[in-house]
Each structure stands twice: as structure tokens, then as C-alpha cells.
1. Out of the residues in the stretch 516-554 that are buried (at least 16 other Cβ atoms within 10 Å of the Cβ) and of a type in the set (S, T, N, Q), state the one that is farthest from the chain's Cα centre (by Cα).
2. Is at least one residue of the stretch 494-507 out of contact with any helix residue (DSSP H, G or I) (no Cβ under 9 Å at 6 or more places or on another chain), of a type outside the set (Asp, Glu), in the same structural domain as THR586 (by TED's automatic domain parsing) and under 20 Å from VAL589 (Cβ atoms)?
3. Does the stretch 467-478 contain any residue that is of a type outside the set (Asp, Glu) and under 25 Å from the mean Cα position of the chain (by Cα)?
4. Suppose the filter is of a type in the set (A, V, I, L, M, F, W, C), in a helix (DSSP H, G or I) and either more than 26 Å from VAL368 (Cβ to Cβ) or in contact with a Pro (Cβ under 9 Å, 6 or more places away or on another chain) (or both); does ALA400 pass it?
5. Identify the residue in the stretch 65-118 that is among the small types (Gly, Ala, Ser) and buried (at least 20 other Cβ atoms within 10 Å of the Cβ) and, among all such residues, is nearest to ALA51 (Cα to Cα).
6. Mind listing whichever residues of the stretch 152-165 are part of a helix (DSSP H, G or I) and buried (at least 24 other Cβ atoms within 10 Å of the Cβ)?
7. Across the stretch 180-209, which residue is nearest to PRO237 (Cα to Cα) among those that are surrounded by fewer than 22 Cβ atoms within 10 Å (Cβ to Cβ) and either among the aliphatic types (A, V, I, L, M) or not assigned by TED's automatic domain parsing to the domain that holds ALA347 (or both)?
8. For the stretch 600-630, what are the residues that are in a helix (DSSP H, G or I) and either among the hydrophobic types (A, V, I, L, M, F, W, C) or modelled with pLDDT of 90 or more (or both)?
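The values are calculated or read from the model by the stated rules, or taken from the named source; none is laboratory data. Worth saying up front: this structure is predicted, and the values here are computed from it rather than measured. Backbone-built Cβ (ideal geometry, glycine too); neighbour counts: all protein chains shown.
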Amino acid sequence: MIRVIKFINIVELFDKAVTDEPAGRQNSHSSYSPLAAIFVWIVWMAMFVAALGFVERYGSNVPSWDGWDMVPTLTGNQPVTTEWLWSQHNEHRVPLPRLILLGLHRLTGINFRTPMFFNVFITGALALAMILVAKRLRGGRISYTDAFFPLIFLNWGQAANLIWGWQVQFYASMALSGMVLLFIVLSGPRHRLRYTFLLGICLILLPLCGANGLVLMPPLVLWLGYSAILNIRTGEPKAKRNGLLAMGLAMSALLLTIFYLIGWETVPHQIFRFSIWSISTAAKTLTMGLGPGVFGLDIRLLPMAIWPIPCLAVFCFLLCSVVILLMAARSRPQERHRALGLLSFLAAMGCLALSLGSGRNGFETRYVTLNLPIWCCGYFIWSIYATPKWNISARMFLLAVTIVMVWPNTRFGINYGNDIRSHLAGFESDMAAGVPSYRLAFRYREYLHPHHDILNEYMPMLRQAGVGSFHFLRENPAFREVKVPLVPQSLKQVRWESGTAYMTGNEAQSYILFSLPKAEYVCGIRLKYTHWNESNTLPYVLVYWKDEDQKEFAKDRSGNYSATGDYGNWVRGTWGKTKESESTFTLWVCDTVKDIRIHPDVRPGVFKISELVLLVPQIDKINETKKSDRVSYRTPG
């Protein structure tokens with residue numbers, strides 16, 4: 001208890017340092033409640049330590065999915081250049097997260113758990129800042145309801161991001177948007193110089209965190225420009241200076257947003273369409289900010305059938321918040337500046353939700369983190385502008401929801417963490433046992449990366465750098481190469497001429513089917529091709545295989561290649577490799593194959609196959625390889 005009290009005293013001193021008012025004036029409005037303060041700080045500390053413990057328990061020193069894209073740079077196989085920092089990662093430009101990741105790994109050595117701990121620290125710091133600002137709004141008094149902040153920021157419902165180091169991208173934009181919210185709350189009638197400067201810097205940094213930061217910009221830049229005009233029109237010397245600074249920062253953020261879009265390319269396999277369903281998906285993503293538990297999500301269960309109910313409750317809460325802000329802007333001129341700032345923040349979060357709703361899954365648990373600030377915005381709106389009765393009722397409602405969600409979110413986090421950790425631990429165990437890399441790539445494709453070429457090239461880099469268990473990585477054995485005659489067995493929405501497919505179908509309906517003379521055990525399939533379409537984008541190539549006793553092609557016997565992450569840039573030459581007219585795609589299958597069906601792209605175009613090769617075991621090792629590969633279908637414990 002003595003340590004807790006000391007910690008509270010330290011925080012109190014920090015709070016006094018960042019506020020403009022002396023401590024006596026802060027506390028003059030209302031009595032200080034030490035029990036409420038102790039309760040809130042204990043909740044914050046408990047949630048913070050629990051989040052660190054979650055990363056310690058379930059985090060792995062094995063990269064997964066997008067995390068692999070940092071491997072060439074971290075291992076020195078690719079130089080850090082301005083071109084690389086600004087190059088696209090899928091639809092994102094992420095120079096700031098890349099620099100953060102590089103800095104963290106330089107400090108601790110290449111350890112893929114380091115960014116996970118970093119994410120917990122910045123989230124905990126943001127929750128702390130929210131508590132201090134809420135305290136200041138009440139004249140220096142902490143309320144029991146302020147425990148809402150650590151409960152929503154640090155719960156285990158964020159498991160998908162907590163144990164994924166690459167998600168520095170999400171945490172960086174979430175932290176910056178949260179800081180923008182705090183500066184708006186602290187702004188009052190007009191911006192003070194330091195708040196104007198800090199808010200403008202946050203806006204400039206947001207687009208550097210990717211598209212999830214970029215889509216927040218329009219409403220916030222518009223409000224900052226409005227704030228600048230208000231200050232300039234007062235005619236006061238300092239106000240004019242602040243206004244010019246705000247206008248300069250707003251214009252800088254706007255120019256950076258425009259610069260982001262220059263040369264930007266759409267990702268071939270991602271199609272964004274706005275429709276009525278986009279609004280439904282946006283509602284799901286906003287509701288997901290309360291954690292996957294709000295929908296009853298579990299890695300073994302589907303979302304509960306009554307998911308529209310929490311979405312409707314969220315819609316009503318946010319709509320009431322908008323009404324309160326409009327009423328305050330109309331009836332309280334001295335608060336119009338801040339009320340419109342909070343309204344612009346809600347609009348920015350709405351833009352983010354609609355962009356996710358136009359091309360994403362609303363039940364995707366990764367987006368929990370991005371939507372956290374909108375709930376904090378709601379908390380502050382009701383704290384500032386609601387009548388005392390509705391003020392405490394709204395805050396109690398938010399606290400009650402987060403408390404009720406603690407166990408469902410924790411259960412989700414435990415299930416998710418166990419699933420990820422067991423498979424990645426199984427990967428490390430198999431690697432230490434000498435399992436060759438092609439079998440590792442095939443067996444753990446859902447947890448490492450679906451594109452085997454990335455694993456083929458990047459795993460040896462980690463071995464050479466001596467990272468974790470990768471020093472055990474074993475080379476692939478020698479394979480026999482069996483060329484498949486380029487004579488299709490059947491075609492769909494494809495015209496075939498001399499090894500060239502002219503696709504006329506959309507949405508991956510076009511395909512080319514090749515049949516082998518007899519079923520054969522295959523370790524991998526290698527495809528060499530050139531491609532062109534009217535959009536001048538790289539293709540989304542999908543390959544299915546099946547044995548002769550299978551009636552239909554199944555999803556679990558398929559693989560794909562598309563220009564995802566940074567690898568697409570590498571192949572195209574932006575990382576120093578020459579741009580080749582011919583592309584190669586290798587897919588590990590570890591199965592008996594009779595038929596191969598190739599979907600060249602998701603849109604019409606020209607696809608010329610120069611080589612289709614089966615990688616099969618050496619004749620004297622066929623039975624041994626079959627036995628070893630069959631083991632790879634077992635689920636690790």
C-alpha cells in the first residue's frame with residue numbers, strides 16, 4: 001500500500017507539472033477523494049501489469065504475417081533508404097512505424113517481442129494521460145469512473161495486436177489520435193500555443209502511420225483551419241500568432257496528405273466498395289472498440305446472432321453525443337470551439353470506420369485498437385457538456401460496460417494467445433528437430449505467412465543473423481523437377497493460345513485446369529509467368545490442387561500469391577533488385593496431386609505461363625518424404 005501511495009504522489013506531481021493552474025486552485029472547486037484515486041490507480045496498475053504479463057506469456061520471437069516484411073532491413077540484407085521508408089506496405093505508407101521498429105530492434109537486438117512490450121507501454125501511458133485530463137476537467141478530482149480508461153485500453157481483447165509486433169503501426173496511429181483528442185479537450189475557447197503546436201505535430205505524423213491515420217485527417221485539418229481563422233480574426237497579437245501557427249500546421253498536414261496519394265497504387269487483391277453494407281460493417285468495427293467480448297467472439301465460435309443489439313446501442317450513444325455537441329455549440333458560444341473540435345474528432349473516427357467498412361470484415365479483432373479513441377471521446381463529451389445527472393450516468397454506463405466485458409475479453413485473449421503461442425512454439429520445436437524449411441512453411445502457413453516465397457527467402461536471413469531458434473533452420477533437400485506439359489485439360493472464361501491465357505472473367509472466375517498423366521506425390525509447385533492487365537497491377541494468382549479420389553477442389557488445398565506487404569515492392573525492383581518481366585511463384589503442397597487449377601487473376605488480363613514445374617522427392621526418398629510430410633497435418637499441442 002505504501003508503494004501505491006508513493007506512486008499516486010508521483011503521478012500527482014506530474015499532473016501539477018503539466019497543468020496551467022496551481023494545485024490549490026485545482027482542488028478549490030471540489031474535495032479530493034483519496035479512495036477514488038487509489039481505486040483508479042490500482043486498476044491502472046493491475047491492467048498495465050496484466051498486459052505486460054500477457055505479452056510475456058504469449059508473445060513469440062517468431063515474426064508472423066506482416067512482421068516478416070521488416071526482416072530484410074533488420075538483418076542488413078536491404079539498406080534503410082528514403083525510398084524504402086516511403087514505399088507502400090499494402091495500401092499503407094508507414095515510415096513512422098518502420099523507424100520505430102528499426103529503433104527498437106537496434107536497442108535490444110533483433111527480438112520480435114520488443115515491439116509488443118513497446119505497444120503496451122505507449123497504451124498504458126495514453127490511459128494514464130486520459131485519467132489526468134479527466135481529473136483536470138473536474139478541478140483536480142479523480143472519479144471512480146476514470147477506471148474506464150485502463151479497462152478499455154489494456155484489456156486482453158486486444159490480443160490480436162498485443163502479441164503481433166508489426167502492430168506498432170496501429171498503436172502509433174491510435175496513440176496519436178488519442179493525443180489529438182486530449183489536446184482538443186484541453187483547448188478551451190481557443191487554442192493555446194503549446195496545444196496548437198502539439199496537436200498540429202500529431203496531425204502531421206498521423207498520415208505517416210498508414211491509411212488508418214490518413215483517413216482521420218480531413219475533419220481534423222478542417223477544424224484546425226477553422227481554429228486558426230478564429231484566432232486571427234480576434235486581432236490580438238498572441239492570438240494572431242497562434243492562428244498563423246495553426247494555419248501553417250493545418251496546411252502542412254493537408255499537403256502531406258496530398259503527397260501521400262502521389263504515386264499511390266491500389267493493392268491488386270483488395271477491392272473497396274462503398275454500399276449499405278459498409279455502414280453495417282462500420283457499426284461493427286466501432287462496437288468492436290469495446291473488445292471482442294461485446295459480440296461474444298471466441299476463436300472457436302461464431303459471433304452471436306444478436307450482434308445488431310450492441311451495434312444499435314453504440315449508434316444511439318454516439319448519436320446522443322453528437323446532439324449534445326451541436327446543442328453546446330449553439331447555446332454556449334464560449335464552448336463552440338471545443339465542441340466543434342470534438343465533433344470533428346467523431347467525424348474523423350466515422351471516416352475510419354466507413355473506410356474499414358468498405359473493404360474489411362467488421363468482426364476482425366485487429367481493429368479493436370484503432371477504435372478505442374472514439375469511446376474516450378464519448379466519455380469526455382458527456383463529462384464536459386451533459387447535465388450533472390446525465391454526466392455521471394453516462395460515465396457509469398461506460399465503466400459498467402467495460403467491467404462486464406473484462407471476462408469475455410480475457411477469455412478471448414487467453415484462447416487466442418494459446419492458439420498462437422502453441423503453433424509458433426511448435427514451429428520452433430520442429431525447426432530445432434531439423435524439419436526442413438519447406439515443410440515448416442507448409443505446416444505453419446496460417447501462422448507465419450501464406451506466401452511461401454517470402455518464407456523461402458526470409459527465414460535464411462534470420463538464420464544468418466542468429467535470431468532465436470532460427471540458427472537451427474535446415475536447408476531444403478534436393479528435389480527432382482518434373483515439367484507439366486502446358487496443355488490444359490479444361491478452361492473457364494479463358495481463351496488459350498500457345499501457353500498464353502486471355503482471361504475474360506472477373507472475381508477469380510477464370511481458370512486453367514491441368515491434369516497429370518497419373519497422381520504423383522508432390523512437395524511443391526513452381527509457376528513462372530508474365531502478366532498484364534488494364535489496371536497495370538500485379539495479379540492475384542490462386543492455385544488449387546487435388547488427388548484423383550477428390551471430387552472437388554478444397555480451400556485447404558490451395559495457395560495464392562499477390563503483391564502484399566513490402567515483398568511486392570522488392571519483386572518490382574524498388575529495393576534494388578532489377579525489375580524482371582517474368583515472375584516466379586513457389587507453393588509448397590506436401591500432398592499427392594492429380595489435378596492443378598490455376599486462377600491467373602481476379603480481373604481480366606493476359607497471363608502467359610512459361611513453366612509449370614512439380615518439385616518432387618528424389619526417387620530413393622519418396623516413401624521417407626511422404627511419411628515425414630504426413631506428420632505436418634497434425635496440430636501441435
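1. Step by step, filter the stretch 516-554, then rank; the result is ASN533.
2. Within the stretch 494-507, the subset out of contact with any helix residue (DSSP H, G or I) (no Cβ under 9 Å at 6 or more places or on another chain) is 494-507.
Now narrow it down to the ones that are of a type outside the set (Asp, Glu): 494-496, 498-506.
Going one step further and asking which of them are in the same structural domain as THR586 (by TED's automatic domain parsing), we end up with 494-496, 498-506.
Now restrict to residues that are under 20 Å from VAL589 (Cβ atoms): none.
Taking every residue of the stretch 494-507 in turn, none turns out to be out of contact with any helix residue (DSSP H, G or I) (no Cβ under 9 Å at 6 or more places or on another chain), of a type outside the set (Asp, Glu), in the same structural domain as THR586 (by TED's automatic domain parsing) and under 20 Å from VAL589 (Cβ atoms).
3. Yes, some residue in the stretch 467-478 is of a type outside the set (Asp, Glu) and under 25 Å from the mean Cα position of the chain (by Cα).
4. No: the conditions fail for ALA400.
5. Going through the stretch 65-118, the residues among the small types (Gly, Ala, Ser) turn out to be 67, 76, 87, 103, 109.
Next, from what is left, pick out any that are buried (at least 20 other Cβ atoms within 10 Å of the Cβ): 67, 87.
On the way: GLY67: 20, SER87: 32 Å.
Checking each candidate, the answer is GLY67.
6. So in the stretch 152-165, the residues part of a helix (DSSP H, G or I) come out as 152-153, 156-162, 165.
Scanning the stretch 152-165 gives ILE152, PHE153, TRP156, GLY157, GLN158, ALA159, ASN161, LEU162, GLY165.
7. Checked the stretch 180-209; the qualifying residue nearest to PRO237 (Cα to Cα) is LEU193.
8. ILE619, ILE622
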